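Notes follow the structure.
Values quoted throughout were computed directly from the atomic coordinates according to the rules given, and no laboratory measurement underlies them. Since this is a predicted model, take the numbers as computed values, not measurements. All Cβ positions, even for glycine, are placed from backbone atoms using ideal geometry, and neighbour counts span all protein chains on display.
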Amino acid sequence: MSMTEEPEFVTWPEIHYIFVEGIGPFQTTAPQSWQQFHANLPVLSSKYQITGFVSMYKIGPLIYRAGVAVSAPPADLPEGFRYTKFSGGKYARFVLTGPYAQLPEATGRAWKIFSERGLTLRDDFALENYVNNPSTAPEAELISEILIPTLD
């Protein structure tokens, strides 16, 4: 697994975010949420300018959101979709280069490093920002940012 081990502190910008939300264990809610999301992606792509693919999650309670950042607030959404204006904030960023299948292990490692460094968790959503497109980038070159909300 190729992941940065030193957190970089970044400020995530405010975004308009359209998403599908799942409550419960991530191993089931994440795939279900993305499946529902991708089934409606053609409709969303035809109506809105998508600026990025992002998942958001909280560990307690178990909330997982699969979604996209868009250039403006949406006027209407498909059934089961929601919108929020996400305020962003300060994050400790770790970068994984490689297949999405490595994300569970990489995310666990990022949280462990965060804890070992004694960093202070901010009460907000953690993020996974999918930097490049899996339909055009080789699987080994996919870049995913793991962002943990921090006060440090």
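Assuming 0.36 nm per residue, please report the length gained on full extension of the stretch SER115 to LYS85 beyond their Cα-Cα distance.
Gain on extension, SER115 to LYS85, equals 7.9 nm.
Output wanted: per-residue J couplings in Hz (rounded whole) for the stretch 95-112, from phi through Karplus 6.51 cos²θ - 1.76 cosθ + 1.60, θ = phi - 60°, x for Gly and Pro.
10, 9, 10, x, x, 4, 4, 8, 4, x, 5, 5, 5, x, 5, 4, 5, 5
What residues qualify as long-range amide H neighbours of ARG122, i.e. H under 5 Å apart, gap of 5 or more or another chain, H built at 1.01 Å from N?
The list, which skips near neighbours in sequence, is THR150, LEU151.
Show the residues, 5+ positions off or on another chain, whose built amide H is closer than 5 Å to the amide H of ASN132.
ILE143
Using only the alpha-carbon atoms, how far is helix 26-39 inclined from the longest principal axis of the chain? Give it as 0 to 90 degrees, nearest 10.
On a 0 to 90 degree scale, this one is about 30.
Can you give the relative contact order of the chain as a percent, counting alpha carbon pairs under 8 Å and 6+ residues apart?
Values: 301 pairs, mean separation 46.8, N = 152.
31 percent.
ASP152 versus ASN133, label points 7 Å from Cα toward the beta carbon: distance in nm?
Between ASP152 and ASN133, the label points sit 3.7 nm apart.
With θ set to phi - 60° and the Karplus curve 6.51 cos²θ - 1.76 cosθ + 1.60, what are the ³J(HN,Hα) couplings of the stretch 119-126 in order, to the nearest whole Hz, using x for Gly and Pro?
6, 9, 6, 8, 6, 6, 6, 7
Show me, for the stretch 75-89, the HN-Hα J-couplings you get by feeding each phi into the Karplus relation (A = 6.51, B = -1.76, C = 1.60, θ = phi - 60°), rounded to Hz, glycine and proline as x.
Result, ordered by residue: 8, 8, 10, x, 4, x, 9, 9, 10, 8, 8, 7, 7, x, x Hz.
Give me, ordered by chain and number, the residues 5 or more places off LEU62 or on other chains with an amide H under 5 Å from its own placed amide H.
It is GLY24, by chain and number.
Express in nm, to one decimal, how much length is gained between THR28 and THR4 on full extension, taking 0.36 nm for each residue of separation and deducting their alpha carbon distance.
Details: separation 24, 0.36 × 24 = 8.64 nm, distance 2.68 nm.
Extra length available between THR28 and THR4 comes to 6.0 nm.
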